[in-house]
């Protein structure tokens, strides 16, 4: 808890920053280096939501860094001297290692109180940890008056998250919605990721009417499944390689439809991508999700399910026609599942 000497200094500004968590539409897993260079015509399509991570930073008088979690109603503090290097032999920060190492990049010389709120349920498959990493980094940069490009921020946060995950490289798609907002197509080129913005009011409305974001109540770690597929890809597993190639083809077809504003082609491609992914990841659909999917397809024509998170998180998309939304919501309520707001965050000016 905050000690009696841990007080916010007077006349100090409070810096706040928000960043969107994402919903992945097509092309997860194939954003893992170097798979994105090996497969042809790779593109990943996702959107930024109004579910946002939040970070607030204030200077305090004590020589400590205090992390206050809104989600867990907890406060944890560490000695300031622990934040002078990101490259440590041991992990004194335990479950807060990721955010602590981001703070260490700035080598703070005075105490800080950092308040964090994730904006999404834990293990939801919405890239919440990556969005938090981007948001915290941007808040710290603003606090210290330092300027970084979007690419620099992505590279630093992505590298630290890969270090913490310790299961191969971290994919790149989760970071960009928190930096750009909107509806994005991410196309890899040697040494870079090209970000194309597809946001417009027509497309925003189309997606919001036809996608329902549902939380199963389960906390699941999609990165573990992703890692198993990653290993099998480089072991030469034909099923995995063919499956990821199919995902790349579906994503590319969606991208080409977006270029022509043929939005009606998107929903079937999202459903098919979800089905392909379910074949690659045997456990990507929990039993709760399988029950929902079976009943959804029985009741509603041309509807389907796609799990959020490349390897399967606790959230999933119900994909349906606009007029079928009330039926989808009724089914979710029957099965005591939680519907999350899916509103597309407009593009933001980077500052």
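Details
- Matching option when the condition is at pLDDT 95 or above, in contact with a helix residue (DSSP H, G or I) (Cβ under 6 Å, 6 or more places away or on another chain) and over 18 Å from residue 170 (Cβ atoms), among 78, 106, 98, 137: 106
- Counted as qualifying within the range 234-351 are the strands (runs of 3 or more DSSP E) with 2 or more residues that are assigned by TED's automatic domain parsing to the domain that holds residue 217, surrounded by 14 or more Cβ atoms within 10 Å (Cβ to Cβ) and in contact with a helix residue (DSSP H, G or I) (Cβ under 6 Å, 6 or more places away or on another chain), namely 304-307, 315-319.
- Every listed requirement among (1) outside any strand (DSSP E or B); (2) on the phi < 0 side of the Ramachandran plot is met by residue 41 save one, (2).
- Selection count where residues are within 22 Å of residue 13 (Cα to Cα), in a loop (DSSP other than H, G, I, E, B) and free of Cβ contacts under 8 Å to residues at least 40 places away in the same chain, scope the range 64-116: 2
- Meets criteria (touching a helix residue (DSSP H, G or I) at 6+ places or on another chain (Cβ under 7 Å), assigned by TED's automatic domain parsing to the domain that holds residue 315 and either touching a residue at least 12 places away in the same chain (Cβ under 8 Å) or more than 20 Å from residue 69 (Cβ to Cβ) (or both)) for residue 203: yes
- Residues in the range 169-192 that are touching a residue at least 40 places away in the same chain (Cβ under 8 Å) and not in a loop (DSSP other than H, G, I, E, B): 176, 177, 178, 179, 180, 183, 184, 185, 186, 187, 188, 192.
- Total residues in the range 126-153, condition part of a loop (DSSP other than H, G, I, E, B) and touching a strand residue (DSSP E or B) at 6+ places or on another chain (Cβ under 7 Å): 2
- Yes/no for residue 229 being farther than 23 Å from residue 51 by Cβ and outside the structural domain of residue 285 (by TED's automatic domain parsing): no
- Residue under evaluation residue 125, criteria (1) touching a residue at least 12 places away in the same chain (Cβ under 8 Å); (2) on the phi < 0 side of the Ramachandran plot, criterion not met: (2)
- Any hit, the range 29-50, residues being farther than 30 Å from residue 249 by Cβ, touching a residue at least 24 places away in the same chain (Cβ under 8 Å) and in contact with a helix residue (DSSP H, G or I) (Cβ under 8 Å, 6 or more places away or on another chain): no
- Verdict on residue 25 being under 25 Å from residue 194 (Cβ atoms), modelled with pLDDT of 95 or more and assigned to a strand (DSSP E or B): yes
The values are calculated or read from the model by the stated rules, or taken from the named source; none is laboratory data. Keep in mind that what you see is a predicted model, and the values were worked out from it rather than measured. Here the Cβ is made from the backbone with ideal geometry for all residues, glycine too, and neighbour counts use every protein chain on show.
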